[in-house]
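Okay, so here's the structure we're looking at.
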Amino acid sequence: MRRLAIAAAGTLVPTFLALTPLNSARADEPGSAGSPDIDVLLSGNQTVAGETIAYPVDQPAAVTAAIVTLLPGQETGWHIHGVPVFGYILEGELTVDYGALGPRVYRQGEGFLEAISFRHNGRNDGEVPVRVLAVFMGGEASRNTIAEGPEHP
């Protein structure tokens, strides 16, 4: 996990972020004494399916954050997303079947940019609930999740 320093006033230093890549050694240095650090959970521009992230430009922006809980044996159902989605596993393990791309397992503490237009189905194969922070980054008129039927792609 990478760390970014916070300025003493409590805001990110814009020039630091603009001039220093997140993967440089300087970005890993902790903040000054008394100021908090930020743990970067994910930085990227492609989904797990290789899609480039693009935001709607024909409508006002909207962000929705939700915690999705799947009990043991539960599934999300086959779906796609109308907007980019950041997922972060708060508890448990989530297995996501991407059809032809195969399944992937996401574990507690892992973040990912979910597939957008590539059909997928998440399920809890474990014995404890899975809790996922899902942050949908789109537009006011965009649908965050679109059901795609029960059949396998």
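Read-outs throughout are calculated quantities, based only on the coordinates presented, and are distinct from any laboratory measurement. None of the values given here were measured: they were computed from a predicted structure. As a convention, Cβ positions derive from the backbone with ideal geometry for all residues, glycine included, and neighbour counts pool all protein chains shown.
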Simple Cβ-charge dipole of the range 61-147, Lys/Arg +1 and Asp/Glu -1, about Cα centre, in debye nearest 20 = 180 debye
Add +1 for every Lys or Arg and -1 for every Asp or Glu among the other residues with Cβ under 15 Å from the Cβ of residue 49, and state the total.
-> -2
Dipole-positive endmost among 145, 72, 95 within the range 61-147 (Cβ charges, Cα centre) = 145
Net charge near residue 73: determine it from the other residues with C-beta under 11 Å of the C-beta of residue 73, scoring Lys and Arg +1 and Asp and Glu -1.
-> -2
Cα-based shape type of the range 106-153, given that a ≥ b ≥ c are square roots of the gyration tensor eigenvalues and the cut on a/c is 1.5 | oblate
